[in-house]
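The values are calculated or read from the model by the stated rules, or taken from the named source; none is laboratory data. Everything numeric here is computed off the predicted structure, so don't read it as measured data. Cβ placement follows ideal geometry from the backbone for every residue including glycine, while neighbour counts extend to all protein chains displayed.
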Amino acid sequence: MGTVRELKIQPIRNGTVIDHIPNGRALDVLRILGLRALGSDSTVSVAIRVRSDKLGYKDIVKVENMELTARHLDALCLIAPSATISIIRDFKVRDKRVVDLPAAVTGILTCPNPSCISNVGEPIESEFEVARRRPVTLRCVYCERQVVDFLHHLRG
Amino acid sequence: MSLKGRDIVSIRDLSREEIDEILAAARRMIPYAEGTRSSGSLSGRIVVLAFFEPSTRTRLSFDAAAQRLGGRSLTIADASESSLRKGESLNDTIRMLAHYGDAIVLRHPNEGAARLAAMVSDRPVLNAGDGAGQHPTQTLVDLATIRESFGTLAGLRIVLLGDLRHGRTVHSLARALAIYGSAIRTVSPPGLSLPPEVAEQVVELGGEIQEEASLAKAVRDADVLYVTRLQKERFLDPAEYAQVAGSYRVDAAALQGARDRLVVMHPLPRTGEIAPELDATPRAAYFRQAFLAVPVRMALLGLVLNGKVP
């Protein structure tokens, strides 16, 4: 079984493995990572619908030569709260972490209220605070509109 | 606990104790608002009234409040005469205004504008209405009116009637009433009911809320009937507005089954929702409500600028 998996996704020398992504969310994860910003020597491997004991099915994303920023982690926790992140250096896992909901989510989502002051060209970043943890509900700190549907409000 | 230097952006920012403090201060301000006592406690202070959306009573009552306490005001009463029109950001406008006065009272068409202003201003910001968002000083006026009528805010039955979807005053009011443990009943035309998140908040705060189809049934054992107008300017589709225009009206006949103590409130301006025949009856609390705007706003200015009122 292990051999089969290795064939699906090649090991990377340096970079990040995002595992346990809810099935079907891999492409959204790529969007968060902003592939255009990556160097041309970065290989990105995506596995969709991989069998998982924990999730039934899951997606996996591996990105060479990239380590995630705090902003990536905040966004991941909104759309892939089950994700685990492994930092790979010289083919070895150097650090492993799960994503955790931060107290404030800044600059990642756009407010769903088109008339919110954060959507009308002011020199400010969108900002949300956690209104509820289950289900995760964020509240715009400006207009107080609540958001639960994060996928549709991710900044492009 | 002091409100000195505080921003008043949303009723959510205020604890029950702070609301009580503001209402108690407002009660003490009544003779000053009536002009039977005078005070110079805001002498030398400038209140900036930055109104980027039309308003008559909110702006004038803040102006009256500042002047009754010996303060002065600077007014932007029309967005077209301001630098916002020239493309300046609110962010920059507020930074500038914070240098001109000691407190900023802001009305703005975009939701969240007052929060942004409070973040960038080192002077207290009082939200006088941000789009369809918050209007906390109106809520305080409403609470002051109810408390004056019944001596309490707890254990009352309050009916909210009208455009509960767009009416910003009822959103904040529902929340505040929940904090005090009053029961809310809502009556609204189709499609204009209270947004679910507001109803959820009321329940989370331990309040009771129930939707009622019949106004006659809703007012039967109620203490307050709070009426709002259709917020015509917030309808995106004129056809949708035409469908509900004139769909509710409160007159003597509509209140026949109500208790004697029931009072009718309205944040004004009214556009036909309340028949003038009620004006001269003891039920009409809306003109008193309009007057109480002055002492409540005097209390707020006194508390955020001086930490106290005379």
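What residue, among those in region A:100-117 that are of a type outside the set (Val, Ile, Thr), within 14 Å of chain B (Cβ to nearest Cβ) and out of contact with any Ser or Thr (no Cβ under 7 Å at 6 or more places or on another chain), is farthest from B:GLY112 (Cα to Cα)? Of everything passing the filter in region A:100-117, A:ALA104 is farthest from B:GLY112 (Cα to Cα). Being more than 14 Å from every other protein chain (Cβ to nearest Cβ) and assigned to a loop (DSSP other than H, G, I, E, B) is a property that holds for B:LEU164.
Among the residues of region B:82-95, none qualifies, meaning not one is among the aliphatic types (A, V, I, L, M), outside the structural domain of B:SER39 (by TED's automatic domain parsing) and outside any loop (DSSP other than H, G, I, E, B). For residues that are assigned to a strand (DSSP E or B) and facing chain A (nearest Cβ under 9 Å), scanning just region B:104-150, find the one that is nearest to B:ILE19 (Cα to Cα). So the residue we want is B:ASP130. Evaluate the following for B:ASP92: is it more than 28 Å from B:LEU230 (Cβ to Cβ), in contact with a Pro (Cβ under 9 Å, 6 or more places away or on another chain), without any contact (Cβ under 8 Å) to a residue 12 or more places away in the chain and of a type outside the set (Gly, Ala, Ser)? It is true that B:ASP92 is more than 28 Å from B:LEU230 (Cβ to Cβ), in contact with a Pro (Cβ under 9 Å, 6 or more places away or on another chain), without any contact (Cβ under 8 Å) to a residue 12 or more places away in the chain and of a type outside the set (Gly, Ala, Ser). Here is the figure for region B:221-237: residues that are part of a helix (DSSP H, G or I) and in contact with a helix residue (DSSP H, G or I) (Cβ under 7 Å, 6 or more places away or on another chain) total 1.
The criterion of being outside the structural domain of B:VAL170 (by TED's automatic domain parsing), at pLDDT 95 or above, in contact with a strand residue (DSSP E or B) (Cβ under 6 Å, 6 or more places away or on another chain) and not in a helix (DSSP H, G or I) holds for B:LEU49. Among all positions in region A:89-99, there is no residue which is within 14 Å of another protein chain (Cβ to nearest Cβ) and farther than 29 Å from A:GLY24 by Cβ. Screening region A:38-107 for strands (runs of 3 or more DSSP E) wholly inside it with 1 or more residues that are farther than 18 Å from A:ILE21 by Cβ returns the ranges A:84-89, A:92-98, A:104-106. Of all the criteria given as (1) more than 12 Å from the chain's Cα centre (by Cα); (2) of a type outside the set (Asp, Glu); (3) away from chain A (no Cβ under 14 Å); (4) within 13 Å of B:LEU300 (Cβ to Cβ), the one not satisfied by B:GLY101 is (4). Of the numbered criteria (1) of a type outside the set (Phe, Trp, Tyr); (2) modelled with pLDDT under 90; (3) touching a Lys or Arg at 6+ places or on another chain (Cβ under 8 Å); (4) not in a loop (DSSP other than H, G, I, E, B), the one A:ILE12 fails is (4).
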